[in-house]
Structure formats: C-alpha cells, structure tokens
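Some notes on the structure that comes next.
The numbers here are math on the coordinates, done by the rules we state, and not lab data. Computed from a predicted model, the values in this text were never measured in an experiment. Cβ sites come from the backbone with ideal geometry, for glycine too, and all protein chains shown count toward neighbours.
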Amino acid sequence: MNADSPPELVQLLGDLAIELQNESGPEATLRGITGGAVSLIPGAWGAGISKVVGRETTAEAPTNPTVAELDELQTALGEGPCLTALREHRTVHIEDMATETRWPRFARAALGLGVRRMLSFQLFVVGDNLGALNLYGNDGIAFDEESCFVGSVLAQHASIAMIGASAQAQFDIALASRDIIGQAKGILMHREQLTGLQAFALLVKTSQNANIKLLEIARWVVDQHESGCLSA
C-alpha cells in the first residue's frame, strides 16, 4: 500500500459508511455492502454475503449471478471458504482455485465458472447469527495485502451496518406488533367495558385457549372491528 492510500481509503470508507446509513432497510444495506466491496477492494470482480440465522445459511445481495451460484453451492456442499470463515471466525484466502486442496469440489466448480480467487471475511456475531463477506476474483488482479486490509476494514463497517439494519428491522416489527395489540386492547376496552389490564388479560387468555399467537388474536380483533363484524 503506498503512502497516499490510507487517507484515500479513510475517505472512501467514510463515504460508503454514510451511504450504508442512508440505505432503506436490511436488503438495501446488504446491496450497498457488496457493491461497495467490488468498488473498493483491489481484485474483487464480484461479491456476496453468506448469512446464517440459527442453522440456516442463505446467499444475500450477490453482485452477479455467478456469485449467487457459488455462494449457494457452498451451502449445498456443506463446505467452502465462506463456511470456514463463518465457523472458525477468520479470514480465508484462496490464491488459486487450480491448486486449492481444502475444498476440491467447490474449487472445480468455481474454475468452471471463471472464478480463480476468493477472499472470505467473517462479518458479525449476534447470538447465533453469523455472516461472511465473500469476494471473488477472475484471471485479473490477484488479491494482495491491500485487498486483505481494505476487506477487513470494510467487513468491520459492514458488521456494524448489518447489526444496525437487523436491530432496526426487529424494532419496526416490535413497534408494529405493539400498535396492533394496543388497538385490540382499545377495542375490547370499549366493547366489553374493560380496563386496559383486563383487556390485555382477555387477549392473552384467548391466545392460550385457542393456541394462536397473541399478535394474531390482536390482528383478528382489529380486522373484525374494521369490517364491522365486531361492534359494541
């Protein structure tokens, strides 16, 4: 890395961080991360994210169809650099798929699709949730020390952005759920002349007796009220 790279890198990463903050929703955030990786990291021809929630692995925000195919292939095979990055919490670098021996089936498939090199960075750990940023290179520029450095810094920014996006999505869901339950409580308070606590207890008891989630019971009460089927 030359002497001029650090300040330029700081500016580029700062600009990308602002873009990620302005993205609307988790999916847009992931697209911003992978698109930024291809723009910023030397040798990156394509990028994607492998996301693990519990035991399920999904390929997210691929920059092109080949990336999507290779990300999904690793999941199907149960092996590959991104899975190792996820499980062992480290960066994995494949310099040449033609000489790669750790994941021979994946390497052969990658070569067949014109991909010769790969970098995988572990992204974040929140409970059981994991992620890896996967970078793919063709016969062009090889991944070097600068690629690894920029990739690791970007992975840190991406981790923060993904955690923020996930937290925001969960908050939005929780807020919407609270609003629906609040509406149902208000309807029952008016219809049955109950206190707020009594109305909430009625929702909970109905949920338990019907073996239906509380939120679904609340949504049903609101829908019935709005359709005129549940009136005072």
Pseudo-spin-label distance Glu69 to Thr99, built 7 Å along Cα→Cβ, given in nm, is 2.6 nm
Scaled by the rule-of-thumb 2.2 N^0.38 Å, the alpha carbon Rg for the stretch 172-226 gives a ratio of 1.03
Inter-part gap, Cα centre of the stretch 51-77 to Cα centre of the stretch 134-192, in whole angstrom, is 17 Å
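For Gln198 and His157, what does the FRET efficiency come to when R0 = 41 Å and r is the distance between their Cβ atoms, rounded to the nearest 0.05?
Working: r = 49 Å, r/R0 = 1.20.
The calculated FRET efficiency here is 0.25.
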Here, Lys205 and Arg90, labelled 7 Å along Cα→Cβ, have an inter-label distance in nm of 5.9 nm
Under the 7 Å Cα-to-Cβ spin-label approximation, Ile212 and Arg178 lie apart by a distance in nanometres of 2.5 nm
If the chain between Phe149 and His190 were fully extended at 0.36 nm per residue, the gain over the current Cα-Cα distance would be 8.6 nm
